[in-house]
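Presented below is the structure to which this report refers.
The values are calculated or read from the model by the stated rules, or taken from the named source; none is laboratory data. What you see is a predicted model; the values in this text were computed from it and never measured. So basically every Cβ, Gly included, is an ideal-geometry build from the backbone, and we count neighbours across all protein chains shown.
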Amino acid sequence: MAGRLQGKIALISGGATGMGGAASRLFAAEGAKVGIVDRNVEAGRAAVADIQNAGGTAVFSEADVAKSADVTRAVAEVNAALGAINVLFNHAGTIIIKPFLETSEEEWDWLMDVNVKSMFLMTKAVLPQMIAGGGGSIVCTSSISGIVSTPLEVAYSTTKGACQMFARAIAVDFRDKGIRCNAVCPGFVRTPHGLREVKELAALGIDTSDAALAASQGRICEPEEVARAALFLASDEASFINGTHLFVDNGFTAV
Ligand SMILES: NC(=O)c1ccc[n+]([C@@H]2O[C@H](COP(=O)([O-])OP(=O)(O)OC[C@H]3O[C@@H](n4cnc5c(N)ncnc54)[C@H](O)[C@@H]3O)[C@@H](O)[C@H]2O)c1
């Protein structure tokens, strides 16, 4: 049976670990040729090896996705190895947890660059080839933090709100070119990012106990559960879904 991404060439930023790592493996298992772009070389190469061992096709390109020259080179490397990209998962991102009044201008700029400018750079590099190929699908990782705020996360929440709006705005501008662009918005997920967030919030006095997590979203989310949502949005099954936000949070934001 053909996979749900058969014939697709997918680029996944932040595709080495966490939800991105789960998506790299799942997209490849569903037939996509996968280009992983990440700053974590060891984990990126390990993901490629896993995919190849399972019979799939993947390449890794090292990049800091906040840097224009890195993005240009990484996209060119994926193109040279796999061909023109028609699925883009803008997933790379990180977090700063600290009181707003202690947040420096440098930290603010850095987080905006990694979480938001990266989507601008990646999408700008990939869109022309999607358009030339007759269309494509873009999935951007936002968060529950795009619409609800956790204490000590002003900078982070601001970036994630921007990621949601970026997805909507691209959807409107490029609908007539056959491009779909959607956001996936996870709750707390068992990834290096998510586990660090829980630990750092707890150290600063915010209740992130199992009981608190159970009250807000039942349990911690597994990376594969978000990867499956991203797969749906990336695939042709979501052919009329454009500019939406898919919350993967077990009702966290429904309360
Ligand atoms: N884990 C959560 O609870 C949670 C919830 C909602 C949203 N998110 C979002 O998920 C993303 C974090 O990913 P994750 O939770 O799968 O965990 P993760 O930290 O394991 O994965 C992030 C990946 O992005 C890469 N990355 C980070 N900055 C980069 C950069 N500048 N250049 C290239 N690669 C970079 C990392 O190396 C890593 O492989 C962020 O966008 C975050 O906002 C996470």
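The test for being farther than 23 Å from residue 6 by Cβ, within 21 Å of the chain's Cα centre (by Cα) and of a type in the set (A, V, I, L, M) holds for residue 195. In region 136-177, of all residues being touching a residue at least 24 places away in the same chain (Cβ under 8 Å) and among the charged types (D, E, K, R), the one that is surrounded by the most Cβ atoms within 10 Å (Cβ to Cβ) corresponds to 160. Consider residue 24 carefully, then state whether it is under 18 Å from the mean Cα position of the chain (by Cα) and closer than 19 Å to residue 229 by Cβ. So residue 24 passes the test.
Taken over region 171-194, the residue count meeting the criterion of being near the ligand (Cβ under 8 Å from one of its atoms) and of a type outside the set (Phe, Trp, Tyr) is 9.
Residues being modelled with pLDDT under 95 and out of contact with any Gly (no Cβ under 9 Å at 6 or more places or on another chain) are represented in region 1-19 by at least one member. Scanning region 39-69 for residues that are under 21 Å from residue 229 (Cα atoms) and within 13 Å of the ligand (Cβ to nearest atom) yields one hit, 47. Restricting the first member to region 66-77 and to residues that are of a type in the set (S, T, N, Q), and the second to residues that are not in a helix (DSSP H, G or I), no beta-carbon pair is closer than 9 Å while six or more apart or on different chains. Inclusion of residue 249 among residues that are within 16 Å of the ligand (Cβ to nearest atom) and acidic (Asp, Glu) is warranted. Restricting the search to region 85-110, which residues are within 10 Å of the ligand (Cβ to nearest atom) and either under 17 Å from residue 192 (Cα atoms) or at pLDDT below 95 (or both)? Passing the criteria: 91, 92, 93, 94, 95. Looking at the structure I just gave you, is residue 173 at pLDDT 95 or above, over 22 Å from residue 127 (Cα atoms) and among the acidic types (Asp, Glu)? Here the answer is no, as residue 173 does not meet what is asked.
Given the criterion part of a helix (DSSP H, G or I), at pLDDT 95 or above and crowded, with 19+ Cβ neighbours inside 10 Å, identify the matching residue among 201, 195.
Details: 195 fails: crowded, with 19+ Cβ neighbours inside 10 Å.
Going through 201, 195 in turn, just one is part of a helix (DSSP H, G or I), at pLDDT 95 or above and crowded, with 19+ Cβ neighbours inside 10 Å: 201.
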